[in-house]
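First up is the structure itself, then whatever we jot down about it.
The values are calculated or read from the model by the stated rules, or taken from the named source; none is laboratory data. What you see is a predicted model; the values in this text were computed from it and never measured. A quick note on method: Cβ atoms are made from the backbone with ideal geometry, for glycine too, and the neighbour counts reach across all protein chains shown. Just the protein is used for accessible areas: all its heavy atoms, side chains included, with ligands, DNA and RNA removed. Shrake-Rupley method; radii C 1.70, N 1.55, O 1.52, S 1.80 Å.
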Amino acid sequence: LITQVDRVSTSITDQSEGVEEQIETDIEIISDTGSPGSIYNDTDGNLTLYVKNTGDVELDATPDAIDVLIEGSFSAPSNVELTGGAERWSSGSVVKVTVNASLDPDTSTRVTVAVKKNEDTIRFRTPA
């Protein structure tokens, strides 16, 4: 019985730590949707998003730590780089996320970025 109580206690502690980290994590896509050419380059097929860490915890700035959904379909980032001379993706810092994508011209496109179960979505029109 004591072993069961200990397991339940450990499980509750682990779960609460995960929820706390999720609450302290927040991101915002700050790319300019009014300038679709800055988001999608139809010549090289690159989608470029600027994502700001608006939460309280430092985030991992690697392609494995960031999920990108284009119209609901997963697309792995080909590159993630810190901007503005930042050395870490801490609160207030921005990363440039690049995804290889083939998008139709002059189409409304929805893109979602997710990091540690937190996400932000933008909608923009691809260049004609």
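Within region 53-79, residues that are of a type in the set (F, W, Y) sit with their Cβ atoms under 8 Å from residues that are part of a strand (DSSP E or B), at 6+ positions apart or across chains, in these pairs: F74/D67; F74/V68.
The strands (runs of 3 or more DSSP E) found entirely in region 1-91 that carry 2 or more residues being open to solvent by 50 Å² or more (accessible area, probe 1.4 Å) and either at pLDDT 95 or above or small (G, A, S) (or both) are 46-53, 67-70, 73-75, 79-82. Among residues of region 92-117 being farther than 20 Å from T33 by Cβ and either of a type in the set (A, V, I, L, M) or surrounded by 15 or more Cβ atoms within 10 Å (Cβ to Cβ) (or both), the one that is modelled with the lowest pLDDT is K116.
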